[in-house]
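What follows is one structure encoded as structure tokens, with my remarks underneath.
The values are calculated or read from the model by the stated rules, or taken from the named source; none is laboratory data. Just so we're clear, the structure is a prediction, and the values are computed from it rather than from any experiment. Cβ sites come from the backbone with ideal geometry, for glycine too, and all protein chains shown count toward neighbours.
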Amino acid sequence: MGLLNFMKDAGEKLFGAKDTKAAPTATAQSPATPPAGTNIDAIKKYIQAQGISTDGINISFDSLQDKVVISGKVPDQETKEKLLLCCGNIQGVGAVEDNLTVTQASGESQFYTVKSGDTLSKIAKQYYGDANKYSVIFEANRPMLSSPDKIYPGQTLRIPNQGRSQDRMAQL
């Protein structure tokens, strides 16, 4: 549980410009939110398009703080991490508050924010000491990544711990 920061100006363009702005009548005591469901529905549809279920998951969007709050119970750590990345890799979202619980605990992945000039091979070399292990990172971020060549600066990626990745590769 905690707060993950993301680059607000990078990511999937799910919201219209007006959807991420507070209504002009907002006050400090009564924060403005977009019309019911606008951003939340877009986020849920994006998550579901990635093949991840949103059953039992609660999602809210705080437009004043550009923050998604996500809670509920998920079956495993991988699902949790993919949900967090789906919510955070959206243009207009600067942070994701993680209130998810995991039914079956396992090792946590690291997160990496892509910089200009990065490739999956370069990132794999940094984390695993072997550029050829780029496919481990690619598979860990599927289906959000459709190709190993389609990463962009500001995008946050899952980097599975090396032991877990090797176990997974042995299963394939």
Can you find a residue in region 103-112 that is acidic (Asp, Glu) and in contact (Cβ under 8 Å) with a residue 40 or more places away in the chain?
yes
For region 67-93, give me each residue that is surrounded by fewer than 16 Cβ atoms within 10 Å (Cβ to Cβ) and at positive phi.
Gly72
Out of all the residues in region 47-93, which are within 26 Å of Lys150 (Cβ to Cβ) and assigned to a loop (DSSP other than H, G, I, E, B)?
Gln50, Gly51, Ile52, Ser53, Thr54, Asp66, Asn89, Gln91, Gly92, Val93
Of Thr113, Thr156, which residue is among the polar types (S, T, N, Q), buried (at least 19 other Cβ atoms within 10 Å of the Cβ) and in contact with a Ser or Thr (Cβ under 7 Å, 6 or more places away or on another chain)?
Thr156
Candidates Ile90, Ile159, filtered to the one that is over 27 Å from Asp41 (Cβ atoms) and not polar (S, T, N, Q):
Ile159
Which of the residues belonging to region 124-137 are surrounded by fewer than 19 Cβ atoms within 10 Å (Cβ to Cβ) and either touching a Leu at 6+ places or on another chain (Cβ under 6 Å) or within 21 Å of Lys8 (Cβ to Cβ) (or both)?
Tyr134
Given the conditions (1) aromatic (Phe, Trp, Tyr); (2) at pLDDT 80 or above; (3) more than 14 Å from the chain's Cα centre (by Cα), report the number of the one that Phe6 does not fulfil.
(3)
Could you list, in sequence order, all residues of region 94-109 that are crowded, with 19+ Cβ neighbours inside 10 Å and assigned to a loop (DSSP other than H, G, I, E, B)?
Ser109
Test Leu120 against the criterion of being closer than 18 Å to Ile43 by Cα and either crowded, with 17+ Cβ neighbours inside 10 Å or of a type in the set (Asp, Glu) (or both), and give yes or no.
no
Within region 128-158, can you find the residues that are assigned to a loop (DSSP other than H, G, I, E, B), of a type in the set (Gly, Ala, Ser) and at pLDDT 95 or above?
Gly129
